[in-house]
Every structure is written in C-alpha cells, then in structure tokens.
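The values are calculated or read from the model by the stated rules, or taken from the named source; none is laboratory data. Keep in mind that what you see is a predicted model, and the values were worked out from it rather than measured. Counting neighbours? That spans all protein chains shown, and the Cβs are built from the backbone with ideal geometry, glycine included.
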Amino acid sequence: MKSFTAVARTLAAFALAAFVGAAVAQQTYPSKPIRFIVAFPPGGSTDLVARLVGQKLTESWGQPVVIDNRPGGNSVIATEAVAKSAPDGHTLLLTTSTLLINPNLFANLPYNWAQDFAPVTTLATTEFVLVAHPSVAAKNLQELIALAKSKPNQLNYGSSSIGGPTHLGAVLFEMLTGAHLQHIPYKGGSPVLTDLLSGQVQLALQVPASVIAYIRSGKLRAIAISGEARSRSLPEVPTFAEAGLQGFNAGNWFGVIVTAGTPKEIIDKLATAIRGVLATPDIRDKLASQGMEPLISTPDQFAAMMRAEAVKFAKIIKSGNIKLAN
C-alpha cells in the first residue's frame, strides 16, 4: 500500500501536469484555422457580424477564421455540426436566440443546448424594424393595424423561419393588436428580403442592417422599430411605443458558443480576444451603422442570459400556440 506521502506526490504530479497542459493549450491556441459556423445564408445580419469579428481575429492571431454558412433546419444543421466537433476551440458557432427557441418546436433535437455547448461571449444586439413594400397602402403603424384588422389574413409577412425571432416578433404584434396576418416562412432573412423587394411579400420584421439602404432609397417603407429609443442608424423611424403600440419587446442577439468540454483556458482566451474586437472603435462604428450595438459579456454572464431567454421564449411560444406545421 502506498504511503500517504507517495499518494500526495502522485496527486501533485497530476495537478502539475494538468496545469502545464492547460497553460500550453492556452499559449498554442489557435494552432490551426478556426471554422466559424453560421446557421444562416451569406448576406444577412448574422453573417455580417461573423465576418466582422472573424476578420479581426484573423488579423490578431495570424490564423484564418473561415466563415462556414450552413443554413436550414431552423439552425439545427449548423448547431449539430458544432455539437459534434472536437472540443478544442477551433470550431465556433455564431448563435442567436433560435438556439433557445428550437427546444420548444422540435421534439427530438440532436443536441441539448444546456449540456452540449459552452458559452463564450455575446457579440451584439439588434432591434427589429417593421418594413412594408410600397404597394401596401398604410403609411404608418396605426394605418397598418387598421388595414390588417379590416382584412384578416390578407396581408402577408415573411420571416426567417417558423418559430424564429422575427416570427415570434410578428406573433407578438398580432397578440398586441388583434390583427391577423398570413405567415410565409423562409430559410433565412436574405430570401425574405428578396421577395419583399419584389412585392411577393408585403411585410417583414427585419434587422436594420438588411434594410437601411432600401428604406433610404424608397424601395421599402419603414413603419416602426422595436427598442426603447430610436435607432442611431434610422433616427427618422419611430419606435413602436412612440407610434402607439406599447409592450412590443422584440429583437435579437448574437453570441459565440463552442462544444462542451472545451478547456476553460481556451474559452477565456477566445472570450477575451472577442471582447477586445468589440471594443475597437471601427467595429463599434460598423455595428452602429447597421443598427446594432456591441454586447460584451463574460462566459458566465452569457450563460445566465441564455437561461433567462429560454424561459421567456417558452412562454411566448406556448401563449401563441406556435407549431412547426403552420
């Protein structure tokens, strides 16, 4: 039987090895190109945020950050790919609130968001602007509400997916106003915008980044924007509250998660690097110009936010009786 001293030496050796291993992992990370998976098509706001952050990390680390767009399945396809990746910090997922919405829509997801992932940090938040094709007769929010109520299910709107953040926002709009609209789900925000510009879709909740240019050119009409204050990128557009609709709290956030089991030292190094990126004036200005605001958090703060958001979305989906087969 080993003596107490021998056992203590063995434990100390293991502890030292673990400490040295963690230190080496932190120093050598990243040791190869990083794959930054995005669950939506190129051109949307999620893709934009990924590319802004990815480029800065590439410049800082000297290792390329490759954007990997994997749309479809309400972001399940992309999320599953990260869940199955090696827990070494070289595969990232730019996630949104869809991560927390999906458990309320799918009975058998191939992952468990609370168990299979580790939060790194939030990146940014964005509000939703309600836009209409110019063919829609309503010029402001009150006119739109009156028009929609006078023609139940005759006005349609597009969303990035069933149960996605823009869909939930539209359902909340219907619940608050008593209007009934026809929902047309898509696979991402970019296809919605394409059909909105052509007039095949009449209304949509979009992030400002996607529609600012079209609003200013007159190709789309801005009705109102969510949030407590007007957007710096669209100061002429009233908030829903200013336009007479209280309680419309909708928007989206962007964050980075990795596979569970990724060493804490790597997560902390990654989180610190991303927070540094978000603090740079040019990134903050680029986000602001697209109607976004940086949202900096620690891994623990991000985890707490996700837990609270999961409860909120579960309540909205249950109240709105939202199901995949709409």
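To keep it simple, each residue is scored yes or no on (1) more than 28 Å from Lys312 (Cβ to Cβ); (2) in contact with a helix residue (DSSP H, G or I) (Cβ under 7 Å, 6 or more places away or on another chain).
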residue	(1), (2)
Thr262	no, no
Leu270	no, no
Ala273	yes, yes
Pro281	yes, no
Leu287	no, no
Pro294	no, yes
Thr194, sole failed condition from (1) out of contact with any Gly (no Cβ under 8 Å at 6 or more places or on another chain); (2) touching a residue at least 24 places away in the same chain (Cβ under 8 Å); (3) polar (S, T, N, Q); (4) closer than 20 Å to Leu48 by Cα:
(2)
Test: Gln63 is part of a helix (DSSP H, G or I), touching a strand residue (DSSP E or B) at 6+ places or on another chain (Cβ under 9 Å) and of a type outside the set (D, E, K, R)
no
Taking first residues from the range 85-100 that are in the same structural domain as Pro71 (by TED's automatic domain parsing) and under 22 Å from Ser160 (Cα atoms) and second residues anywhere that are in a loop (DSSP other than H, G, I, E, B) and of a type outside the set (Val, Ile, Thr), the pairs with Cβ under 6 Å that are 6 or more apart or on different chains are Thr98/Gly164
The range 137-159 residues that are charged (D, E, K, R), paired with ones that are surrounded by 13 or more Cβ atoms within 10 Å (Cβ to Cβ) (beta carbon under 7 Å, 6 or more apart)
Lys149/Ala179
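Among the residues of the range 293-326, count how many are aliphatic (A, V, I, L, M) and within 18 Å of Leu57 (Cβ to Cβ).
Taking the range 293-326 first, the residues aliphatic (A, V, I, L, M) are 295-296, 303-306, 308, 310-311, 314, 316-317, 322, 324-325.
Now drop any that are not within 18 Å of Leu57 (Cβ to Cβ), which leaves 295-296.
Going through the range 293-326 one residue at a time, the tally reaches 2.
Assigned to a helix (DSSP H, G or I) and either farther than 22 Å from Phe173 by Cβ or not aromatic (Phe, Trp, Tyr) (or both): which single residue out of Gly261, Gly276 fits that description? Let's see the steps before the verdict.
Details: Gly261 fails: assigned to a helix (DSSP H, G or I).
Unique residue meeting the criteria: Gly276.
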Report, by residue number, each residue of the range 85-115 that is touching a Gly at 6+ places or on another chain (Cβ under 9 Å) and assigned to a helix (DSSP H, G or I).
Thr98, Leu99, Ile101, Asn102, Asn104
Limited to the range 239-295, what total is found for residues that are more than 21 Å from the chain's Cα centre (by Cα), basic (Lys, Arg) and either at pLDDT below 95 or exposed (fewer than 15 other Cβ atoms within 10 Å of the Cβ) (or both)?
1
Restricting attention to the range 87-99, and to residues there that are out of contact with any strand residue (DSSP E or B) (no Cβ under 7 Å at 6 or more places or on another chain) and not polar (S, T, N, Q), which single residue is farthest from Ile266 (Cα to Cα)?
Leu99
All but one of (1) in contact with a helix residue (DSSP H, G or I) (Cβ under 8 Å, 6 or more places away or on another chain); (2) not in a helix (DSSP H, G or I) hold for Leu57; state the number of the condition that does not hold.
(2)
